[in-house]
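Scroll down for the structure; my scribbles are underneath it.
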Amino acid sequence: MDLALVAVETLLIGVHDGHLTYRAAEEGLADNEHPDAAARRLAGFGSPLGSLGSGRLIHSTSWRFDAGRIVLTYAALPDPDPATAQRFPASGAMTATGTALDPSPPHVDRADVIAHAARHLAFLHRTDPAVAEAALEQPPLWALLDAYQPDVAGPVRPHR
C-alpha cells in the first residue's frame, strides 16, 4: 500500500472551562512508521513508556476514506493545551451511517468523528481495564466523556 495514501489523524481531547475540547493534528503516514507511533508523536506524547502513570491514553477509534486516502483516527488524551482547542459538539449529536451494502457514510465531517470517538471512549471506560486505570488520573475529563452514550461503533438503534 502506498503510505502517502494513509493519513493519521490525532484528536487531542481535553477540558477547558468545564467543557470538552479537541484539537486535530493530521499528517501522512511516514515510511516504516507504525500508526500508533505517529499518533503519539502528533499528540506530543513521546515514548509509550514515558507516559505511564500520567493518565495519558492513545486509542485508535476509527478509520474513513476521505479524498482518495485512508484516514486512521486516534483519540489522545488529555490534551496538554486545551485552552487553544475547540469545544466538542453536543453530546446528543448523531454520527453518520451508511447502508447495508454500502456501510461507509457518503460524507463524514469532523463532528461525526468526534462524537464517535467520545462514544467509543465512554464504552472503553466501562469495559477496558487499561482505559479505566488511565481515567482515574483525569476525573473531570472522564466525567464529561461519560455523558456520551457508550458505543463501539455507530449509534446502536433497535431495528424493529
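Just how far, in whole angstrom, is the range 15-83 from the range 130-144 if you go by their alpha carbon centroids? Measuring centre to centre over Cα atoms gives 17 Å. Oblate is the label for the chain, because a/c, from the alpha-carbon gyration tensor with a ≥ b ≥ c as root eigenvalues, is 1.5 or above and a/b does not exceed b/c.
Of all DSSP beta bridges confined to the range 3-145, the antiparallel ones make up roughly 75%.
Between ALA30 and THR97, residue separation times 0.36 nm minus the direct Cα-Cα distance comes to 21.1 nm. Across the chain, Cα pairs under 8 Å and at least six residues apart give a relative contact order of 24 percent.
In plain terms, the chain from PHE65 to ASP128 could stretch by 19.9 nm, reckoned as 0.36 nm per residue minus the Cα-Cα distance. Here r is the Cβ-Cβ distance between ASP109 and ASP81 and R0 is 30 Å; the resulting FRET efficiency, rounded to 0.05, is 0.80.
Each value in this text was obtained by applying a stated rule to the coordinates, not by laboratory testing. All figures in this text were calculated on a predicted structure; none of them were measured in a lab. With ideal geometry, Cβ positions are generated from the backbone for all residues, glycine too; neighbour counts draw on all protein chains shown.
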